[in-house]
Amino acid sequence: QVRLVESGGGLVQPGGSLRLSCVASGFTFSSYGMSWYRQAPGKERELVAGIRSLGAITTYADSVKGRFTISRDNGKNTVYLQMNSLKPEDTAVYYCYARAFLYWGQGTQVTVSS
């Protein structure tokens, strides 16, 4: 049974940093690409970043390029999203997504506010 558990969200001031983690289970994690999405109130869910199975290829939304970094540790079945220089417009619920299984995590709230 596929399971994705996110953690690391919280309240942070503008310009601050957070690192999100997503621990996967129920499938061979190292064989599949993973993604982070986010959904702000009243907006559609959007892709933030994606990473291929071996981690060599990553993609980012234009709005987060240069500020966010996606990475993975296949030995720990974990994908990370390092978020730096956070802005109020980054406020959203962040979701981990395993596209091959069409499976979403439960989400973790990130709030950027002074």
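The values are calculated or read from the model by the stated rules, or taken from the named source; none is laboratory data. Owing to the predicted nature of the structure, the values given are computational and were not obtained by experimental measurement. Here the Cβ is made from the backbone with ideal geometry for all residues, glycine too, and neighbour counts use every protein chain on show. The protein model used for the area step is the full one, side chains on, heavy atoms only, and it has no ligands, DNA or RNA in it. Shrake-Rupley method; radii C 1.70, N 1.55, O 1.52, S 1.80 Å.
Taken over region 67-76, the criterion of being in contact (Cβ under 8 Å) with a residue 12 or more places away in the chain and either open to solvent by 60 Å² or more (accessible area, probe 1.4 Å) or closer than 24 Å to residue 28 by Cβ (or both) is satisfied by 69, 70, 71, 72, 74, 76. Just one of the listed residues (79, 93, 64, 48) is part of a loop (DSSP other than H, G, I, E, B), crowded, with 17+ Cβ neighbours inside 10 Å and at pLDDT 95 or above, namely 64. Apart from one condition, residue 26 fits all of (1) open to solvent by 30 Å² or more (accessible area, probe 1.4 Å); (2) at negative phi; (3) of a type in the set (Gly, Ala, Ser); the exception is (2).
Considered as a group, the residues in region 96-114 that are of a type in the set (Ser, Thr, Tyr) and open to solvent by 30 Å² or more (accessible area, probe 1.4 Å) include one that is farthest from residue 71 (Cα to Cα), and that residue is 114.
If you take the residues in region 1-45 that are in a loop (DSSP other than H, G, I, E, B) and among the basic types (Lys, Arg), which one is nearest to residue 98 (Cα to Cα)? First the steps, then the outcome.
Of all residues in region 1-45, those in a loop (DSSP other than H, G, I, E, B) come to 1-2, 8-9, 13-17, 26-28, 32-33, 40-45.
Add one more test, that the residue is among the basic types (Lys, Arg), and what stays is 43, 45.
Working: 43: 21, 45: 15 Å.
This residue is 45.
Considering every residue within region 33-40, establish whether at least one is open to solvent by 20 Å² or more (accessible area, probe 1.4 Å), aromatic (Phe, Trp, Tyr) and closer than 20 Å to residue 107 by Cα. Yes, region 33-40 contains at least one residue that is open to solvent by 20 Å² or more (accessible area, probe 1.4 Å), aromatic (Phe, Trp, Tyr) and closer than 20 Å to residue 107 by Cα.
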